[in-house]
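Read the structure below first, then the notes.
The values are calculated or read from the model by the stated rules, or taken from the named source; none is laboratory data. Just so it is clear, the structure is predicted and the values come from calculations on it, not from any experiment. So basically every Cβ, Gly included, is an ideal-geometry build from the backbone, and we count neighbours across all protein chains shown.
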Amino acid sequence: MATVISVTNQKGGVGKTTTAVNLAYYLAKFGKKTLLIDFDPQGNATSGLGVDKQDLKLTMSEVALEQATLDQIIVPTDYKNFFLAPTVPGLANAEVQLAQADRRFSRLKNAIEACTGEFDVIIVDSPPSLSLLTVNGLVAAKYVLLPVQAEFYALEGLGQLLETMKLVRKGMNPMLELLGVLPTMMDTRTTLSGQVHEEIKKHFPGKVFDTVIPRNIRLAEAPSHGLPIGAYDRFSKGARAYKAFSKEVISRASI
């Protein structure tokens, strides 16, 4: 069975999709057959990999509503070992329909279990909210990966997410665990970044990754070209950081 990692934070703008895309890219680069599931209705992971949403006939919306299987919607990317389950904004409508449906919390888990593609790792890019889709990501996952921006409000709201994780563990997925916390958008020139980093370490002892993701203009530019950072500028600070971080993930998750 594939190792399923849900990249989650209910706060937007923390580098969640950037982390999901670039982690998946580097895992594939390291020889792991990787599937990235774009489970965020904004579909940024889909467009960030250069996929034209107009061309998509079946997406995660249909999978969530059990109108298609994961096997039917998976598309290869331009990179060896790297596959995508794409999304369009219609996933938000599917979520509304799901609200009253049977097995609404386990649609993603069931879809992954029925998938015949043999993947080493599946990365789920969850929405920036504690929504039904996010809970589906938690129910389907073995691990939660938490990107946290190195800024003043970083830890605000995380208690709610950890509480949701606890409830999911208790009721639906006893195997769920926190893989680790990834500090993102670190600006080493400011005292604040360093202070927030120390604060994050205090809150999550032994769970913070050694690698931190710096603020980096090349990282911000890459999605507009439809490229992961390693394909856009593999020598940039951002690319080197995500490469090192991906090695840590392989080691921690024993992939």
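When we screen F83, F119 for residues that are over 25 Å from L178 (Cβ atoms) and touching a strand residue (DSSP E or B) at 6+ places or on another chain (Cβ under 8 Å), the only hit is F83.
Answer yes or no as to whether A140 is surrounded by 14 or more Cβ atoms within 10 Å (Cβ to Cβ), aliphatic (A, V, I, L, M), modelled with pLDDT of 95 or more and within 15 Å of the chain's Cα centre (by Cα). So A140 fits the description; yes. Tally the residues that are assigned to a loop (DSSP other than H, G, I, E, B) and either within 20 Å of G180 (Cα to Cα) or hydroxyl-bearing (S, T, Y) (or both), restricting the search to the stretch 40-69. Qualifying residue count, the stretch 40-69: 2.
In summary, helices (runs of 4 or more DSSP H) completely within the stretch 195-255 and bearing 2 or more residues that are in contact (Cβ under 8 Å) with a residue 60 or more places away in the chain occur at 229-232, 237-253. Does T19 fit the bill of being closer than 20 Å to T59 by Cα, polar (S, T, N, Q) and touching a residue at least 12 places away in the same chain (Cβ under 8 Å)? It is false that T19 is closer than 20 Å to T59 by Cα, polar (S, T, N, Q) and touching a residue at least 12 places away in the same chain (Cβ under 8 Å). Of all residues in the stretch 191-225, those that are under 19 Å from A253 (Cβ atoms), surrounded by 15 or more Cβ atoms within 10 Å (Cβ to Cβ) and among the acidic types (D, E) total 0.
Residues that are of a type outside the set (D, E), over 18 Å from the mean Cα position of the chain (by Cα), in a helix (DSSP H, G or I) and modelled with pLDDT under 90 do occur in the stretch 148-165, at least one of them. Checking each residue in the stretch 103-130 for being surrounded by fewer than 22 Cβ atoms within 10 Å (Cβ to Cβ) and charged (D, E, K, R) picks out R103, R104, K109, E113, E118, D120.
Checking the structure you have, find out if any residue of the stretch 171-188 is part of a helix (DSSP H, G or I), more than 24 Å from S254 (Cβ to Cβ) and among the hydrophobic types (A, V, I, L, M, F, W, C). There is no residue in the stretch 171-188 that is part of a helix (DSSP H, G or I), more than 24 Å from S254 (Cβ to Cβ) and among the hydrophobic types (A, V, I, L, M, F, W, C). Only one entry of A45, A20, A28 meets the criterion of being of a type in the set (A, V, I, L, M) and over 22 Å from S131 (Cβ atoms), and that entry is A28. A single entry from A239, A222, A231 fulfils the requirement of being modelled with pLDDT of 95 or more and touching a Pro at 6+ places or on another chain (Cβ under 7 Å): A222. Taken together, K16, K29 contain a single residue that is surrounded by 18 or more Cβ atoms within 10 Å (Cβ to Cβ), under 16 Å from the mean Cα position of the chain (by Cα) and among the basic types (K, R), which is K16.
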